[in-house]
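Undergrad: Have a look at this one.
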Amino acid sequence: MYEYLDGLITEISPNYIVIEIQGIGYRILVANPYAFSLDSKMTVYVEQIIRENEHTLYGFLNKQEKNLFQKLLNVSGIGPKSALAILANNDHTGLINAIQQSDVGFLTKFPGIGKKTAQQIVLDLQNKLSDLALASDEVAPIVPEVSPNSQLADALLALEALGYAKKDITRVEKALRKLDEQTTAKYVSAGLKLLQ
């Protein structure tokens with residue numbers, strides 16, 4: 001089992017990154033690929049999930065985010081893709097507070113999370129997250145600047161990859177276009193706040 005991979009980020013796509021280590025590229029599904037820096041040496045915490053016909057690596061910016069992912073996987077009705085969609089918003093403190101305060105409405109705003117699943121999340125995790133307070137500076141690495149139009153386009157693709165409906169993404173796109181020039185990670189973060 002892998003704990004983390006330390007290497008060069010060689011590719012960023014809307015739902016995964018590729019990290020190269022000694023000439024081998026590892027494809028890793030991540031919540032917000034644009035939070036990683038292209039052509040930068042980084043440590044990516046990983047969780048390997050093996051199913052009957054697939055072996056998948058899921059990646060995280062830090063150990064706390066990985067631990068939160070693992071706890072979400074223990075909830076009945078939450079699979080790896082749903083857990084990644086929940087983690088896409090950098091506000092993990094808000095997520096933890098919502099669970100601890102039984103805020104089902106907050107949780108149902110995530111794609112694929114209905115009222116019953118949200119209630120199950122609260123039931124299973126309500127008193128089990130006190131050790132996972134994440135500092136906001138741990139989750140916001142520096143992302144290189146590129147053309148804002150391509151950044152917005154990449155952010156919209158990332159939101160779609162997380163499972164949000166195209167009609168919701170189109171609605172959010174109008175608001176995102178009004179923002180000053182942003183990095184892709186900031187567009188994704190702003191989009192996620194608008195979708196909740």
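The values are calculated or read from the model by the stated rules, or taken from the named source; none is laboratory data. All values reported here derive from a predicted model rather than from experimental measurement. Because the Cβ atoms are built from the backbone with ideal geometry, glycine has one as well, and the counts that use them run over all protein chains shown. For accessibility, only protein heavy atoms count, side chains too; no ligands or nucleic acids. Shrake-Rupley method; radii C 1.70, N 1.55, O 1.52, S 1.80 Å.
Undergrad: Which ones in the range 35-65 are open to solvent by less than 20 Å² (accessible area, probe 1.4 Å), hydroxyl-bearing (Ser, Thr, Tyr) and within 17 Å of Thr183 (Cα to Cα)?
TA: Result: Ser37, single match.
Undergrad: What residue, among those in the range 43-82 that are hydrophobic (A, V, I, L, M, F, W, C), touching a residue at least 40 places away in the same chain (Cβ under 8 Å) and touching a strand residue (DSSP E or B) at 6+ places or on another chain (Cβ under 8 Å), is farthest from Ile96 (Cα to Cα)? Break it down into steps so the answer makes sense when it comes.
TA: The initial filter retains those residues of the range 43-82 that are hydrophobic (A, V, I, L, M, F, W, C), namely 44, 46, 49-50, 57, 60-61, 68-69, 72-73, 75, 78.
Right, trim to touching a residue at least 40 places away in the same chain (Cβ under 8 Å) and you get 44, 46, 57, 61, 68, 72, 75, 78.
With the extra rule that they be touching a strand residue (DSSP E or B) at 6+ places or on another chain (Cβ under 8 Å), the set shrinks to 44, 46, 57, 61.
Values: Val44: 22, Val46: 21, Leu57: 24, Leu61: 17 Å.
Here the residue is Leu57.
Yes or no, residue by residue, for (1) at pLDDT 80 or above; (2) in a helix (DSSP H, G or I); (3) among the acidic types (Asp, Glu):
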site: Asp124; (1), (2), (3): yes, yes, yes
site: Asp137; (1), (2), (3): no, yes, yes
site: Asn149; (1), (2), (3): no, yes, no
site: Ala155; (1), (2), (3): yes, yes, no
site: Glu160; (1), (2), (3): yes, yes, yes
site: Leu176; (1), (2), (3): yes, yes, no
site: Val188; (1), (2), (3): yes, yes, no
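Undergrad: Same structure again: Return yes or no: is Leu29 within 11 Å of the chain's Cα centre (by Cα) and over 25 Å from Thr117 (Cα atoms)?
TA: For Leu29, the condition - within 11 Å of the chain's Cα centre (by Cα) and over 25 Å from Thr117 (Cα atoms) - is not met.
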